[in-house]
Amino acid sequence: MFRWGILSTAKIGRDHVIPQLLDAENGVVAAIASRDEARGRAVAERFGIPHVFASYEALLASPEVDGVYIPLPTSQHVEWAVKAADAGKHVLVEKPLALKAEDIAQVIEARDRNRVLVSEAFMVTHHPQWKKVRELIAEDAIGRLRHVQGAFTYRNLDPDNMRNRLELGGGGLPDIGVYPTVTTRFVTGREPLRVQATVERDSTFGTDIYASVKAEFIGFEMSFYVATQMAARQVMVFHGDRGYIEVETPFNSRVYGDDRITLHNANHAESTIFRFGDTRQYRLQAEAFARAVAGEDVQVFTLEDSLKNQKMIDAIYRASAHDRWEMV
């Protein structure tokens, strides 16, 4: 059984990841660390976690932990991923791994010198609906892919929320812009050539609250928008010359209804719906990670893939600042 340690009591860990780690067939949550020891003990009691540490360093030094899950604020991801790797721990770190592509190099170096697995937590790449989209595109179910369209929005005006704090790595593109980009790259196996974008920032927070993006890939185009101060919406559409695929709950599994994708034919006269029930994508991610550590040949999100995705986000910022197409 893979023994997980959790760095911090962050909400995403409490509400989403830890419960599904506990359900994983090949792992246990062995420890949690919090700089607020009382808070750490409260979360440990809630989930039956046996070991509680008052510092992240103490958890990393523990022989009771094989690897760590890092849900810290974005601005701390690179620092603690490197520290965890240097402590000999395998690392699953929340997205986005970094705020600039150039910062990922030091994580790759830490992974390689310590011979550990380090992966960015893109749980969507483990969800069977996205594997099905990839399969349908590969088998020519919609003909030639011409356009990908996406949206991911929510409304959050809390000034204390990390998503609205620039110094913690907040902003719409780091938080949710990475999802349309990574899923498109995942299902097509193609990389963007150049991007054009409009990015709007909040006058108080300083974070980007809206981005409208156009991207050019070999063979198809992509357009998407993300926002942090708009009504909540999620959708991804892959449009070919003989049909299109609509992913109705593309990112937050079961939050916007059942996980399902719909395949439409060219004249919209026929549709095939694929349903995926109560798929627990965080559990699937944890199980795949532990199996990869054990030496099995399974898919995990590599740091090289993280680098490519962050290069696209970096180019979007540049394109908006310069008001022109930017090469990725």
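Yes/no matrix, rows are residues, columns are (1) closer than 25 Å to T74 by Cβ; (2) outside the structural domain of F274 (by TED's automatic domain parsing); (3) under 19 Å from the mean Cα position of the chain (by Cα):
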| site | (1), (2), (3) |
| --- | --- |
| D160 | yes, no, no |
| P180 | yes, no, yes |
| T184 | yes, no, yes |
| E191 | yes, no, yes |
| Y210 | yes, no, yes |
| D241 | no, no, no |
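For region 232-280, residues that are of a type in the set (F, W, Y) and within 15 Å of K132 (Cβ to Cβ) total 4.
So how many residues does region 24-37 have that are at pLDDT below 95 and either crowded, with 21+ Cβ neighbours inside 10 Å or farther than 21 Å from N161 by Cα (or both)? Spell out how you get there, then give the answer.
Of all residues in region 24-37, those at pLDDT below 95 come to 35-37.
After this cut, where a residue has to be either crowded, with 21+ Cβ neighbours inside 10 Å or farther than 21 Å from N161 by Cα (or both) as well, the list is 37.
Result for region 24-37: 1.
Name the residues in region 250-276 that are within 23 Å of I176 (Cβ to Cβ), outside any strand (DSSP E or B) and free of Cβ contacts under 8 Å to residues at least 40 places away in the same chain, would you?
N252, R254, V255, Y256, G257, D258
Where in region 45-124 are there helices (runs of 4 or more DSSP H), lying fully within it, with 2 or more residues that are out of contact with any Lys or Arg (no Cβ under 8 Å at 6 or more places or on another chain) and in contact (Cβ under 8 Å) with a residue 40 or more places away in the chain? It comes to 77-86, 104-114.
If the condition is being surrounded by fewer than 17 Cβ atoms within 10 Å (Cβ to Cβ) and assigned to a loop (DSSP other than H, G, I, E, B), then region 215-247 contributes I218, G219, D241, R242. Residues that are loosely packed, with under 15 Cβ neighbours inside 10 Å and of a type in the set (S, T, N, Q) within region 266-303 comprise N267, S271, T272, Q299, listed in sequence order.
The values are calculated or read from the model by the stated rules, or taken from the named source; none is laboratory data. From a predicted model like this one, the values you see are computed outputs, not experimental measurements. Methodologically, a virtual Cβ is constructed for each residue, glycine included, from the backbone with ideal geometry; neighbour enumeration extends over all protein chains shown.
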